[in-house]
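Everything on this sheet refers to the single structure shown next.
The values are calculated or read from the model by the stated rules, or taken from the named source; none is laboratory data. Model, not experiment: these values are computed from the prediction. So basically every Cβ, Gly included, is an ideal-geometry build from the backbone, and we count neighbours across all protein chains shown. Calculation scope for accessible area: heavy atoms of the full protein, side chains included, ligands and nucleic acids excluded. Shrake-Rupley method; radii C 1.70, N 1.55, O 1.52, S 1.80 Å.
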Amino acid sequence: MNAAAPAIIAEGLTKRFQTFTAVDHLDLRIEKGEIAGFIGPNGAGKSTTIRMLCGLLRPSEGHALVAGFDVGQQPEAVREHIGYMSQKFSLYGDLTVRENLRFFGGIYRVARSDMEERTRFAITMAGLQGREDALVRTLAGGWKQRLALGCAILHRPPILFLDEPTSGVEPEARRRFWDLIHDLAAGGVTILVSTHYMDEAEYCNRIALIDRGRLVAMGTPGQLRSRHLGGDLFEISCTPLGAAGQALKDAPGVIDAAIFGDKLHVVLVPGGLDSTTLPGFLQDHGISVQAMRTVAPSLEDVFVQMVSGHHGEQGAP
Amino acid sequence: MNIRRIFALAYKETLQIWRDPRSLAIALLMPLMQMTLLGYGVSLDIKHVPVCVYDQENNQQTRGIIGDIVSSGWFSISRTLTRQVGIRHAMDRGDCIAAIVIPANFSRRLASTGSAPVQAILDATDVNTTNIAIGYLQGAIGEINAGIDAQWAAAHGIQPSQIGQVDLVQSTWFNETLDSRNFIIPGVVAVILALVGAQLTSLTIAREWERGTMEQLISTPVTALEVMLGKLIPYFVVGLVDAVFCLAAAAWWFKVPFRGSIMTLFVTTALFILVVLDIGYLISVRIRSQLGASQVALLITLLPTTLLSGYTFPIDQMPAPIRALTFIVYPRYYVTILRAIFLKGSGLADLWAPSLGLLIYAVIVIWLAARAFQKRLD
């Protein structure tokens, strides 16, 4: 595998379970050393895609190369080069911290001379000093997740797949976990991580938004924010909110209007209503406008808009 | 195949077995418990068959005959009756399964003709027990006859040898005491090891699927063969300990004579345990829930093993198609081997046929089990 080749390439990757298509012709290209985030609602196909890339599921169609090896044809070669953390906690609860590390060290054939140092590293990384001999099932969620990460990187894999590693973990522990991910990426490890926490998307170098098995968008958080909203975002305080939303839906220059908390988020393109004419337009519809301002879109705005737009397309005749 | 990975798996599995003392206790104590239940419960001998006696004559001679029957040890008198109808009542109530009736003119007929009938009425609802009781009764009457013959001959001035008695001298080999227990206990050991062994391993893969640890394990470069060997090694030790428990109980507690060599016993037992564990493993690979795997293991081992292994029902008495079927019932080979080692002292050279049967079985099952384990979720 040459230095310039991407760590992960997928072309037309598809997985069908009987009649249900979980992953639908997914194209993906992830460079070395990147932290790529898989974002999407539950059931979008994130886990299925990761499992195919790990060689755990056979693609129904298309192919993918991980570390230069075909996941369908050479799954064993792929497994030599990856670390994987499944969505469900999967260390042995009836073994201690040290025993779990020793087990995975043996399975990955980590050189015996390196074992001591790597075990210590994993224990320090997980913050489990002094609890080496505790049964893993007695640990709290955050420690378990960090230990699972420690086990998955014992053999220093160049590529790491993390399937919702922070689900069910308290916010403080989630931040610590992301610090570890960044440390690993700084060391040159390519990381594909899925999450359904929108705030975590900001921690990724690039984001792949997945919905209904399809790749809806991919780019840096900044790119997605500006490119995919398709216009400028305004936040309007007005009453009543519902009527305002209805009125703006078909107004010229408005590509999206959605209630966001107690405010209205509206996306405007040039050529129709603009920031000066919009308040008047609403007042003509009997709506009182208290304030209006431009806001920087959050990724959540982007995802809501894109996912709903996508569903709209699907629903159209 | 990598020794380090196999060792890592075996070590992990051993820790898990060790940390689960309840399962370990079941694995080690169950066989002993079953051994006691089956060893005592399954005996084809009947002692102290309850009989009712209706002695119509009731004199010294007839009481003597009844005394002789009782002293054989196979019968005990549950009731002494004074009316014929009492027999029916006693049988209806289950007080006896046989009634012995001595007619009123017994002594007179015996004295004048040299023969007199004794009636035996048997409750044939349990045919098996009845047949055995008839056999015992005939034996007891035969003894009495011999005595009477001698007396009669003496009374008529003829030497007993002159009336040409034919004595049937039975000779029994290997199981001299004709104790069915010596025949059954080695079979019980085979049945127990087959049941317990498959149970032990039937959970090992299913448990990893249920707990979610399997997904992590199959994402590593470990191979199917390594997983199988690593997981079987600790259970092989548990299986051997079980075998030692059962065989020791057979030899010392149930006093089955042991005439073979420990080496022959070890080699064949190890082979049998390997087959049994691999069958459980194969089930575990196929069925991803612990409950399902355990039940399938019980189902596919219990019935064939108890019915077709020849441990109680002799294989050569079965109809040809069923007899052919017994060749795929692996415990039959071990039942044959154990009986031969215990009672005949046979060595491996004598036991090549059933040992080869087990070996072929082991190779096929290991091959199937290693292939059946797929490192895929779909």
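Observations on the structure shown:
- Rolling a 1.4 Å probe across the protein heavy atoms gives the stretch A:226-315 an accessible surface of 51 Å² per residue.
- Pairwise centroid distance, computed over Cα atoms, of the stretch B:54-112 with the stretch B:2-40, Å: 56
- Stokes-Einstein diffusion of the stretch A:168-309 at 4 °C, 1.567 mPa s viscosity, Kirkwood radius from Cα pairs, rounded to a whole number: 76 µm²/s.
- Over 22 Å apart at the Cα level, from the set A:46/A:263; A:15/A:46; A:144/B:375; A:144/B:231; A:32/B:375, are A:46/A:263; A:144/B:375; A:144/B:231; A:32/B:375.
- One Cα centroid belongs to the stretch A:247-291, the other to the stretch B:320-372; the line between them spans 84 Å.
- Partners for residue B:255 among lysines (Cα-Cα distance below 22 Å; same-chain residues under 8 apart left out): B:47, B:344
- In this structure, the amide hydrogen of residue A:216, modeled 1.01 Å from its nitrogen in the peptide plane, lies closer than 5 angstrom to those of A:209, A:210, A:211, counting only residues at least 5 positions away or on a different chain.
- Spherically averaged projected area of the convex hull of Cα atoms, the stretch B:1-155: 16.6 nm².
- In this assembly, the B-A interface accounts for approximately 3100 Å² of buried accessible surface in total, computed with a 1.4 Å probe and without ligands, DNA or RNA.
- Our helix-only sum for the protein assembly as shown, with -39,500 (n - 2.57) per DSSP H run of n ≥ 4 divided by its residues, gives a mean residue ellipticity at 222 nm of -16000 deg cm²/dmol.
- When peptides B:240-250, A:100-110 are ranked by their average number of other Cβ atoms within 10 Å per residue, the highest-first order is A:100-110, B:240-250.
- Convex hull of alpha carbon positions in the stretch A:84-241: directionally averaged projected area 12.5 nm².
- Sorting A:263, B:375 by accessible area puts them as A:263, B:375; the probe is 1.4 Å, largest comes first, and only protein heavy atoms count.
- Neighbouring partner chain Cβ atoms per residue of A:104-112, average, 10 Å criterion: 5
- Span-rule helices in chain B, defined as complete DSSP H runs reaching 20 Å or more along the axis (Cα) with Kyte mean at least -1.0: B:3-18, B:21-41, B:127-155, B:180-202, B:224-248, B:262-286, B:290-308, B:352-372
- P(r) histogram, all alpha-carbon pairs of chain B included - 20 Å bins from 0, percent: 23, 39, 24, 11, 2
- Those residues of the stretch B:1-26 for which accessible area with every protein chain present is at least 10 Å² below the isolated value (1.4 Å probe): B:2, B:4, B:5, B:8, B:9, B:11, B:12, B:15, B:16, B:19
- With all protein chains kept in place, the per residue accessible area of the stretch B:1-101 amounts to 56 square angstrom at a probe of 1.4 angstrom.
- Mean shadow area of the stretch A:226-315 over all directions, Cα convex hull, nm²: 5.7
- Ranked from largest, the principal axis spans of the Cα set of the protein assembly as shown equal 147, 65, 49 Å.
- For the residues of B:220-227, the average number of beta carbons from a partner chain within 10 Å of their own beta carbon is 4.
- In Å², nearest 10: area of residue B:79 left accessible to a 1.4 Å probe: 80
- Minimum 20 Å² accessible area buried by the other protein chains, the stretch A:51-69 residues, probe 1.4 Å, relative to alone: A:51, A:56, A:57, A:58
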